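The values are calculated or read from the model by the stated rules, or taken from the named source; none is laboratory data. The model shown is predicted, which means the values in this text are computed figures rather than measured ones. Here Cβ is always computed from backbone atoms with ideal geometry, including for glycine, and neighbour counts include all displayed protein chains. Side chains are part of the model used for accessible areas, which takes the heavy atoms of the whole protein and leaves out ligands, DNA and RNA. Shrake-Rupley method; radii C 1.70, N 1.55, O 1.52, S 1.80 Å.
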Amino acid sequence: MKTKLIVLIDFSPTSEPLVQLASHWARILGAEVVLVHKIPGLVPAMADSGIKAHILEVEKTDALVNLTELKKKYIPEEVPVLFSITEQPLVYHIPMMRTREYNNLVLLGLKGTGLLKNVFIGSTATKVITELEEMIVAVPRSVNHAVPEKLTIALNYHFPLNEQALDWLLRFFGRHLREINFLSVVTSNDDEETAEEYLKELNQKYNSRLPSSFKIFRGADPFIDLRKSLTENGKNILVVQKGSRSLTDRLFRRFFINEIVNDGSIPLIILPHE
């Protein structure tokens with residue numbers, strides 16, 4: 001089955017690095033690219049239907065020009081590229097792009113600093129991540145465009161790993177991957193023995209496919225070491241999975257955003273529910 005990289009473009013400073021990453025991955029991994037833009041739809045409340053239609057058409061024309069420029073600048077001719085310009089909210093538009101012939105991987109940009117608060121608190125990206133059952137890559141502006149060689153997979157035994165999604169990810173990155181590492185953070189509310197047994201089970205299962213390892217972090221202090229290891233290796237991507245909680249609730253935000261994905265500097269893959 002083919003892979004389609006659905007790249008969400010808002011023409012902010014994050015857009016160009018995002019297109020560069022998609023272009024590189026598409027060329028190396030044999031994927032296709034769709035550049036998606038939602039027009040703002042800045043129509044006066046009292047405008048009649050004719051004026052509204054004209055304004056929307058102008059916005060779509062401008063967006064097409066800008067998307068075409070991004071394609072010409074960053075995507076080589078051999079990479080198949082489509083444009084998708086919509087008036088709809090992205091959470092409605094993206095599911096309509098699903099087809100039987102393709103697996104979709106949604107790419108969006110991380111904006112600003114301040115522990116991702118601009119992305120995960122009250123933004124369009126928040127809605128895309130929390131409301132869609134899609135595999136999503138969240139990309140900081142300073143991302144290394146290389147295909148990852150290592151996946152660091154943060155999970156909790158309370159929410160079993162979506163193995164089907166992870167298996168697809170391993171096939172997508174293919175021969176470029178060198179290792180995977182499973183990790184969990186346990187607190188006083190967790191059963192450490194159960195957590196360790198679950199990590200051992202996953203490690204044994206995947207070690208036959210790739211060199212794998214696992215590690216348990218206890219309490220908050222180990223986050224510093226984890227963050228350091230993630231930022232030092234530019235070909236390492238952190239993988240997390242949506243659980244029963246929203247990605248934006250207080251526990252998840254403190255655990256995965258404030259501590260691990262410090263200041264939006266680390267690319268993040270979000271797996272959908274099992």
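Can you say whether Val79 is out of contact with any Cys (no Cβ under 9 Å at 6 or more places or on another chain), modelled with pLDDT of 90 or more and in a loop (DSSP other than H, G, I, E, B), as far as the supplied structure shows?
yes
Please state which of the following conditions Val65 fails to meet, knowing it meets all the rest: (1) over 20 Å from the mean Cα position of the chain (by Cα); (2) within 21 Å of His24 (Cβ to Cβ).
Of (1) over 20 Å from the mean Cα position of the chain (by Cα); (2) within 21 Å of His24 (Cβ to Cβ), only one is false for Val65: (2).
Scan the range 2-11 for residues that are within 19 Å of Leu70 (Cβ to Cβ) and open to solvent by less than 30 Å² (accessible area, probe 1.4 Å) and jot them down.
Lys4, Leu5, Ile6, Val7, Leu8, Ile9
Being in a loop (DSSP other than H, G, I, E, B), of a type in the set (Lys, Arg) and modelled with pLDDT under 75 is the filter here, so list the residues in the range 220-252 that pass it.
If the condition is that a residue be in a loop (DSSP other than H, G, I, E, B), of a type in the set (Lys, Arg) and modelled with pLDDT under 75, then Arg245 is the only one that fits.
Has the range 120-130 got any residue that is in contact with a Pro (Cβ under 7 Å, 6 or more places away or on another chain) and either modelled with pLDDT under 85 or farther than 22 Å from Lys205 by Cα (or both)?
no
Which of the residues belonging to the range 151-171 are assigned to a helix (DSSP H, G or I) and more than 19 Å from His273 (Cβ to Cβ)? It would help to see each step written out before you state the result.
From the range 151-171, those assigned to a helix (DSSP H, G or I) are 163-171; that's our starting set.
Arg171, the sole residue that qualifies.
Pick from the range 23-41 the residues that are surrounded by fewer than 19 Cβ atoms within 10 Å (Cβ to Cβ) and out of contact with any helix residue (DSSP H, G or I) (no Cβ under 7 Å at 6 or more places or on another chain): which of them is farthest from Val139 (Cα to Cα)?
Ranking the qualifying residues of the range 23-41, first place goes to Gly30.
With the condition kept exactly as written, say whether any residue in the range 41-56 is of a type in the set (Ser, Thr, Tyr) and touching a Lys or Arg at 6+ places or on another chain (Cβ under 9 Å).
no
What residue, of Phe255, Phe173, Phe217, is surrounded by 12 or more Cβ atoms within 10 Å (Cβ to Cβ), modelled with pLDDT of 90 or more, of a type in the set (Phe, Trp, Tyr) and within 30 Å of Leu21 (Cβ to Cβ)? Show your work before the answer.
Values: Phe255 fails: modelled with pLDDT of 90 or more; Phe217 fails: modelled with pLDDT of 90 or more.
From the options Phe255, Phe173, Phe217, the qualifying one is Phe173.
May I ask you to list pairs of residues, at least six apart or on different chains, whose Cβ atoms are under 9 Å apart, with the first in the range 45-61 being open to solvent by 90 Å² or more (accessible area, probe 1.4 Å) and the second being not hydrophobic (A, V, I, L, M, F, W, C)?
Every condition considered, the pairs that remain are Lys52/Gly41; Lys52/Pro44.
Identify all residues within the range 134-156 that are modelled with pLDDT under 85 and hydroxyl-bearing (Ser, Thr, Tyr); write none if there are none.
Once the filter is applied, which keeps residues that are modelled with pLDDT under 85 and hydroxyl-bearing (Ser, Thr, Tyr), the range 134-156 yields only Ser142.
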